[in-house]
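J.: Just dropping this structure here.
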Amino acid sequence: MGTTTSRDGQRPDFSPNQMITHLARESNLKSSLRGMLTRNARLNRIYSENAVDRARDFVPTFYTEPLMHGEEPYHCPSGWRRYSLYIGLTEKEFQQKYDSWPVPYHGTSSTAAADIIVNGVQACNNGDACFIEKFEKAVFLTPSIKYAGHPRYARVEKVGKLYVQLVLQVRVKRSGVKKNPGTVEETFSKDDCVDSNFKDNNELEWVFLWNKKTKIRGDDGIVVYGVMARITETDPQFLPENQWWEESRERLAWDSYA
């Protein structure tokens, strides 16, 4: 993964307790987050090609072929680590209930992530959202963690000397999803796909309509079960896998980091 990893595969340590502190620093949700981020710690993973990356508290993981959930591919999210969330189910119960639901992602900031994890997903419409009417509300997801990791979605935040980006890993009820093309500038070309795991950019944005006033939780159609984090000592804009960000830089000012 280029400069994301040292020669011996050691990645920066960032424990579950550090992640809890990072998520809860602007809220009163620390106690709730602690229960959710510590009870499934044995399922924490760090993903990289050939499982060479290492970090304390994470199991090195890699798979060459995508796993299939709900007839959709789930590609190995190399370069990211997962903090597994406890949502009140055993691993077996979770698989029985949600294994037929696809695995997309939702890029976000740490503050927003904390609220979503504890209280559920809020559908929204800021008046100019793509693919929905002005009176509709929706949650936007993507099957590509590379797309979700664009700073338009996953805000780049400085934590000491580290750069941290967060993406929520979810399961979504397949019948509630409408697939659409990507909407950041780099996806407008029909010839260049931003994620080599997919044949083109035509289904990179998934829309889940939700016009109720309540937040979305579990059986409503979206369940959040993992916090994906890209944690690097290098500014992620300079990583080889992120050179595709450049076209949207001026308009979105994505290098104005917190």
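J.: Taking segment 35-188, how many lysine pairs are there with alpha carbons less than 21 Å apart, if each pair must be eight or more places apart or span two chains?
T.: 10
J.: Okay, moving on. Using the Karplus curve 6.51 cos²θ - 1.76 cosθ + 1.60 with θ = phi - 60°, work out ³J(HN,Hα) for each residue of segment 53-58 in order, rounded to whole Hz, and write x for Gly and Pro.
T.: Those phi angles translate into 6, 9, 7, 4, 6, 10 Hz.
J.: Separate question: As an exercise, identify the chymotrypsin sites (Phe, Trp or Tyr not before Pro) in segment 53-136 lying in DSSP coil whose Cβ has no more than 12 other Cβ atoms within 10 Å. Write down the numbers at each step before the final one.
T.: On the way: sites: PHE58, PHE62, TYR63, TYR74, TRP80, TYR83, TYR86, PHE94, TYR98, TYR105, PHE131, PHE135; in loops: PHE58, PHE62, TYR63, TRP80, TYR86, PHE131, PHE135.
Within segment 53-136, the qualifying chymotrypsin sites (Phe, Trp or Tyr not before Pro) (loop, at most 12 other Cβ atoms within 10 Å) are TYR63, PHE135.
J.: For the chain, what is the accessible area per residue in Å² when the probe is 1.4 Å? Write out the running numbers ahead of the final one.
T.: Working: 12750 Å² over 258 residues.
Solvent-accessible surface per residue comes out at 49 Å².
J.: Oh, and also: Which residues' amide hydrogens lie under 5 Å from the amide hydrogen of GLY226, considering only partners 5 or more residues apart or on another chain, with H built in the peptide plane?
T.: Counting only residues 5 or more places away or on other chains, the set is LEU85, GLN169.
J.: Next question, about the same structure. If you take the alpha carbon radius of gyration of segment 22-96 and divide it by 2.2 N^0.38 Å, what ratio comes out, to two decimals?
T.: Numbers: Rg = 14.4 Å, N = 75, 2.2 N^0.38 = 11.3 Å.
That works out to 1.27 for segment 22-96.
J.: Roughly speaking, to the nearest percent, how much of segment 47-182's 1.4 Å accessible area is carbon and sulfur?
T.: Carbon plus sulfur share of accessible area: 49 percent.
J.: I would also like to ask the following. Which of the GluC sites (Glu not before Pro) across segment 53-149 are loop residues per DSSP, with 15 or fewer other Cβ within 10 Å?
T.: Working: sites: GLU71, GLU91, GLU93, GLU133, GLU136; in loops: GLU71, GLU133, GLU136.
Taking segment 53-149 and a limit of 15 other Cβ atoms within 10 Å, the loop GluC sites (Glu not before Pro) found are GLU71, GLU133, GLU136.
J.: Hey, what do the phi angles of segment 62-71 turn into as Karplus ³J(HN,Hα) couplings, whole Hz, using 6.51/-1.76/1.60 and θ = phi - 60°, x for Gly and Pro?
T.: For segment 62-71, the Karplus-derived couplings read 7, 9, 7, 9, x, 7, 10, 9, x, 6 Hz, x marking Gly and Pro.
J.: Determine ³J(HN,Hα), in whole Hz, for all residues of segment 228-241 in sequence, where each value follows from phi through the Karplus function 6.51 cos²θ - 1.76 cosθ + 1.60 and θ = phi - 60°; x replaces Gly and Pro.
T.: Result, ordered by residue: 8, 9, 9, 10, 9, 8, 9, 3, x, 5, 9, 6, x, 6 Hz.
J.: For segment 151-253, count the residues as N, evaluate 2.2 N^0.38 Å, and divide the Cα radius of gyration by that value, please.
T.: On the way: Rg = 15.9 Å, N = 103, 2.2 N^0.38 = 12.8 Å.
Expressed relative to 2.2 N^0.38 Å, the Cα Rg reads 1.24.
J.: Kirkwood hydrodynamic radius (Cα pairs, Å) of segment 32-160? Could the numbers behind the result be given before it?
T.: On the way: mean 1/r = 0.0601 Å⁻¹.
Across segment 32-160, the inverse of the average 1/r is 16.7 Å.
J.: Would you pull out the residues with amide H under 5 Å of VAL159's amide H, same chain only if 5 or more places away, H placed 1.01 Å from N?
T.: It is VAL164, by chain and number.
J.: Quick one: which residues, 5 or more positions from SER144 or on another chain, have an amide H under 5 Å from its amide H? H modelled 1.01 Å from N in the peptide plane, none for Pro or chain starts.
T.: Here the answer is TYR105, since their amide H atoms fall under 5 Å of that of SER144.
The values are calculated or read from the model by the stated rules, or taken from the named source; none is laboratory data. Just so you know, these numbers come straight off a predicted model, no measurement behind them. Cβ: placed from backbone, ideal geometry, glycine included. Neighbour counts: every protein chain shown. Note: accessible area is taken over every heavy atom of the protein model, side chains too, but ligands, DNA and RNA are not part of it. Shrake-Rupley method; radii C 1.70, N 1.55, O 1.52, S 1.80 Å.
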